[in-house]
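Presented below is the structure to which this report refers.
Coordinate-derived values only; no laboratory data. What you are looking at is a predicted structure, and each value in this text was computed from that prediction instead of being measured. A quick note on method: Cβ atoms are made from the backbone with ideal geometry, for glycine too, and the neighbour counts reach across all protein chains shown.
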Amino acid sequence: MTQRLMLSATALALVLGLPQLALAQDASKGSLIDELIVTAQKREESVQDVPIAVSAFSEQALKAQGIDGAGNLVQSVPNLTFTRRALRTNFQIRGVGAQLVSLSGDDGVGIHENNVPLTANRIADAEFYDVERVEVLRGPQGTLYGRNATGGVVNIISNKPNDQRSGSLTAEFGNYNSLKYQGYINLPLGDKFALRAAGFALQRDGYTTNRLNGQDIDSRDIWAGRVTLAFNPTDNLRTFLLWETFAEDDSRGARKQLCVKDPGPTSVLGVATGAAQAGLTQGCLAASVYDPNAYGTTNQLSTFSGIIARQIGLQPQDSFLGKTISRDLREVEVVGQPIYRPRTDLYEFNLEWDLTPGLTFTSLTSYNENENYSRGDSTGGYSSVLFGVTPYTPGGILIDPQFGATDRLQSESGGIGHNEQVTQELRLQSSFDGPVNFNVGGIYLDYDAMSITYVATNAATAALKVLVPTGYVDPLREPDFTGHNYFVSLTEYKLKSKAVFGEVYWQATDTLRATLGLRYTDDKKWTRGSGSTLFTPGRGPVFTAEQRVQFKEATGRFNLDWKPDLPFTDETLVYGSYSKGYKGGGFNPPGVVALGLNPSYAPEFVNALEVGMKNTLMDGQLLLNLTAFSYDYKGYQIGRSVNRSVYNENIDAKIKGLELESVWSPIENLKLNANIGYLDTKIEQGVVVDTFDRTRGDSTYIYGNATSGGCVVRATGVAAILSVPGGAATLANRVCSGPTSVTAGLVAAGNTPAAAAALAAGMYSYGSNVSLYTNGAGEGVRQNLKGNELPNAPKWTMSLGAQYRWELENGWNVTLRGDYYRQTESFMRYNNASFDRIQAWDNLNASLIVANPDIDLTFQMFVKNAMDEDTIVGFDIADENLGSTRSLFLLDPRIYGISITKGF
């Protein structure tokens, strides 16, 4: 604690914010803060003239602050959080993002590159290289930027070719054997053409050690490239053609899994559970990731693999019996190396044509293709109990095509994905001398995607051969996903979206301007999917019926901004706005629909009020920006784990908050900066079932497991069944199967049909507070979410930074920079259970830059996470069928290194 306080105090003394705000340098005012031009309203403006809450980072600022990827933006933008999700990344701005996981779902924060919307993207995998700037627009951007920008927009603007022959090469060397290379070359090709090529490559060892073999995992092997050809045949016609590619092949994916083991009850209302104990465990207890007992393993008897293994007699006991895991958060146990192989190609063609001196036509065409393949051990530990000698395991060895020869229970998960997107945007924008101007246009988006979720266990192949001899066993070590000896869920999805939009700008007086924006969006969505084909005859997927839906919505904004002449500021912009954001609904997967849950979820809408001030003071030496906002959120889309898949639904919420951004240059060469965000979120309406706390502490009910997901059943009914012949054996395998199946099991054990039916009815007897599956089992006790906080929405975020530059002899200069970030505690789930909480955390980065502009040579030494703490910044809870373990997201460990940049 003393070390933390000393470091924090040092940071506060050294550091006051971050330089993403910028203002035009004006010699008449003696401004010490450089200008940064942004396109937040799809026209070039100084960031201080934009009546929108926007944070922007120049290429120099990104390098100085060590913002080399999307995740680092969290430490530089108020009220911004970021996590990786299964299908795509998840930025959240002011509590708004994507809390669902669905191929047909949309992000709440739009990701754009050069103003092209990227439905699927690699922003979480790639790093920023050869970029002109990165812009983060906070608040709904439903007019110019799209239907799914309810939280805001992250827009990456790459450097374009120019008429100067130039180039640069950077080599970076760091700990963990990190080697990073990036560079560009810019070549003018006569008077009308120019070419710019840029590249990036990263290789490093992993931050995590696999205790089974001592090798590191979570390594990186990435390369990316971008080629841009500019063609400007006349002064009033400007075009560029861009191709960008990205590929990765490494061991990303294995994460530390924590668990407080749930052995299951030994008795129910005084009656011993016996064999039924295995059917009444949920794998891991509802415990915090900070619990000192969380370094256990799940009860495998509750998992997909464990249930199958015990039902066929392959492994009748918990295969993790007596096992604990390393207390080092950067040590895991996985069989083999995780595989992660994404690839993407992006093509853009941009044309700007000045039809008249005051009228510009813009056409932006794009094609984006993404592929993904991932596969790896999903158990969270290496089984401690060996197979016995059984009909499946002569000599204690099980032969499986995906796992090879194994002597203990193993499982893995992964999947593949492929998507393609085509967009075409046309805009007409004016810059007349008169009081009225406009920006109008339309956009068409065609998106086609396929995704496969895969879960396998070596027990399933043995079970298929016995239960369904005609089921296809995939013989390939690298599965082709057509086998019926593993769980596969395949989803195909198509989106066709059309929109027309426009904004009108009225300069009512020299100081007062009004903006009115409208957008009309027409979304058509189509999907079909396959439920699980595990233990069924034949080969390949069996598709369910097609689903179609169409949403037509109008959104927009109204904004007033005023530039008063105040005696105590150099320049002030005051603005107030109302904006409406929209994000389309979508479909739930067949696996959860089969349980009787809703096949679709509704759109979401946000009505946002915002007021703000952007101030320049002290002759341009101080920028001070303030923003306040209030959101009324309807239909906020949320998701929860169900049956090895995700069920999505809607809730309502209220959000309000404050933001402060400042840059102060009290003397030449010194910059002090501060960002502070305050956020208050509250769910107004929503009733759900908590998949990981189904009983909600109601002792009337008890949890049961099954390969189709968990359930709750009445405790008195369980006790009654345990007291009759064959009751424990029946409940060991049929707790969540419904009254018909339990009745059949009791009859087979020798009970009369009437008595068996009565006993089953008693177990499946529920009050009005329980949600039911279609088979009659209880999904769980309902939870009213009213008053809960939204997830990933800490009340306070703060970033402080400072840099000082010394001018040396012979053209050299030295810049020292430090950045400190802190966010308060938050919840990872909307359920706000005690075990959902993430503690407050902070981070300290520093860099030293030595440069000589005359010879275009720069050295940068840096350190990130200087406190070197294994900070938990988030976690996921695995599906019940994967053991309900907590998979951690950790802040990168202390990273240090040096980079050398030579320009030419």
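Of the labelled options [x] 11, 28, 27, 19, 12, 3, 0; [y] 11, 27, 29, 17, 9, 5, 2, 0; [z] 14, 45, 31, 10, 1, which one gives P(r) over Cα pairs in 20 Å bins from 0, in percent as computed for this structure? Computing P(r) over Cα pairs in 20 Å bins from 0, in percent and matching it to [x] 11, 28, 27, 19, 12, 3, 0; [y] 11, 27, 29, 17, 9, 5, 2, 0; [z] 14, 45, 31, 10, 1 gives [z]. Mean residue ellipticity, 222 nm, helices only, the chain: the sum of -39500 (n - 2.57) across DSSP H runs of n ≥ 4, divided by residue count and rounded to 500, is -2500 deg cm²/dmol.
Restricting to DSSP loop positions (anything but H, G, I, E, B) with no more than 11 other Cβ atoms inside 10 Å of their own Cβ, which trypsin sites (Lys or Arg not before Pro) remain in the range 334-421? Mind showing how you got there, number by number?
Numbers: sites: R343, R375, R408; in loops: R408.
Listed in order of number, the matching sites amount to none.
Shown in residue order for the range 588-597 are the 3J(HN,Hα) couplings computed by the Karplus curve 6.51 cos²θ - 1.76 cosθ + 1.60 at θ = phi - 60°: 8, x, x, x, 8, 5, 4, 8, x, 7 Hz (x for Gly and Pro).
Compared with the dominant Cα axis of the chain, that is its longest principal axis, helix 458-467 is turned about 50°. The long axis of helix 739-748 is offset from the longest Cα principal axis of the chain by roughly 30 degrees. Helix 753-763 and the longest principal axis of the Cα set of the chain meet at an angle near 30°. In plain terms, the residue of M618, M763 with the fewest other Cβ atoms within 10 Å comes first and the most crowded comes last, giving M618, M763. Note on L386 and F438: the extension gain reaches 11.5 nm, defined as 0.36 nm multiplied by sequence separation minus the Cα-Cα distance. For T774 and T824, the FRET efficiency from 1/(1 + (r/R0)^6), where r spans their Cβ atoms and R0 equals 41 Å, is about 0.45. Label separation (Y290 vs S166): 4.8 nm, computed from points 7 Å beyond Cα along the C-beta direction.
For the range 628-694, state which GluC sites (Glu not before Pro) are in a DSSP loop and have at most 16 other beta carbons lying within 10 Å of their beta carbon. Walk me through the numbers before you get to the answer.
Working: sites: E649, E659, E661, E668, E684; in loops: E668.
The qualifying sites are E668.
Relative contact order (percent) for the chain, with alpha-carbon contacts under 8 angstrom and 6 or more residues of separation?
Values: 2662 pairs, mean separation 118.6, N = 904.
It comes to 13 percent, rounded to a whole number.
One decimal place: the segment L609-L187 gains 147.2 nm when fully extended, by the rule 0.36 nm per residue minus the C-alpha distance.
Kindly flag which residue pairs out of K580/K786; K580/K656; K180/K256; K180/K864; K525/K580; K634/K786 have an alpha-carbon separation exceeding 20 Å in this structure. If you can, show how the numbers build up before the last one.
Values: K580/K786 23 Å; K580/K656 15 Å; K180/K256 26 Å; K180/K864 16 Å; K525/K580 22 Å; K634/K786 13 Å.
K580/K786; K180/K256; K525/K580, as the Cα separations exceed 20 Å there.
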